[in-house]
Every structure is written in structure tokens, then in C-alpha cells.
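The values are calculated or read from the model by the stated rules, or taken from the named source; none is laboratory data. In this text the structure is predicted, and so the values were computed from the model without any measurement. Cβ atoms come from the backbone with ideal geometry, glycine included; neighbour counts cover every protein chain shown. With ligands, DNA and RNA removed, areas are computed over all heavy atoms of the protein, side chains included. Shrake-Rupley method; radii C 1.70, N 1.55, O 1.52, S 1.80 Å.
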Amino acid sequence: LLVSALEQSNAPYLPIVENSTWEKLPFQNFDEVILMDSQSKRTESGLKSGKNLSRLLVVGPEGGFSPVELEKMHQFENVSVVQLPCPILR
């Protein structure tokens, strides 16, 4: 699936995908954590720029994260929030 998505999007590199619970993710090991959030009104004005930054993209379960989970994730300093209009990604 990853190779097919890579070819269809004409992306220059293959991302590393890890299935995990958010509590086990090493937020502090990344320059930027991008949190896809369908419930929060908080949206960052811009993401960090730079080709050599390490980034973690956090996408929650169908229906989104719980309010408690979101509150805890928003407390990390390196989290940028992207507000989604819908809780289901296709």
C-alpha cells in the first residue's frame, strides 16, 4: 500500500509508518509533531519549514481522539495542529 501511494503521489521518499498508541509515540524525538485534529478549534498559522526537519504525523482513529487525549497531546511544545473539517480521512 505504501509503495502504491508513493507512486500515485509522485513522492520523493517512502514514509515510515508505525501503528502505535499515542502514549507510546516519542514526541520529544521529533523537530515537529503534526497533529491531525477534527475536534479542536486550535489551528497553527504555519508549520515549520525546512527539508531536514524530522516530523511525526499523528492521525487518530476513525471518529477522532477523545477530548482527554487531545488535551494531553496539545501540551507538548513541538506539536502543530492541523484542524480537519471532518473526522474521517479517505
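Here Ser40 qualifies as open to solvent by less than 100 Å² (accessible area, probe 1.4 Å), small (Gly, Ala, Ser) and either in a loop (DSSP other than H, G, I, E, B) or modelled with pLDDT of 85 or more (or both).
Residues in the stretch 57-72 that are of a type outside the set (Phe, Trp, Tyr), touching a residue at least 12 places away in the same chain (Cβ under 8 Å) and closer than 11 Å to Met36 by Cα: Leu57, Val58, Val59, Gly60, Gly64, Leu70.
Is it the case that the stretch 71-84 has a residue that's modelled with pLDDT under 75 and open to solvent by less than 40 Å² (accessible area, probe 1.4 Å)? Taking every residue of the stretch 71-84 in turn, at least one turns out to be modelled with pLDDT under 75 and open to solvent by less than 40 Å² (accessible area, probe 1.4 Å).
Of all residues in the stretch 14-26, those that are farther than 14 Å from Ser54 by Cβ and open to solvent by 60 Å² or more (accessible area, probe 1.4 Å) have Cβ atoms under 7 Å from Cβ atoms of residues that are at pLDDT 75 or above and outside any loop (DSSP other than H, G, I, E, B), 6 or more apart or on another chain, in Leu14/Leu2; Leu14/Leu6; Val17/Leu2.
Take the residues in the stretch 53-69 that are modelled with pLDDT of 85 or more, within 13 Å of Glu23 (Cβ to Cβ) and of a type outside the set (Gly, Ala, Ser); name whichever of them is surrounded by the most Cβ atoms within 10 Å (Cβ to Cβ). Only one residue fits best here, namely Val58.
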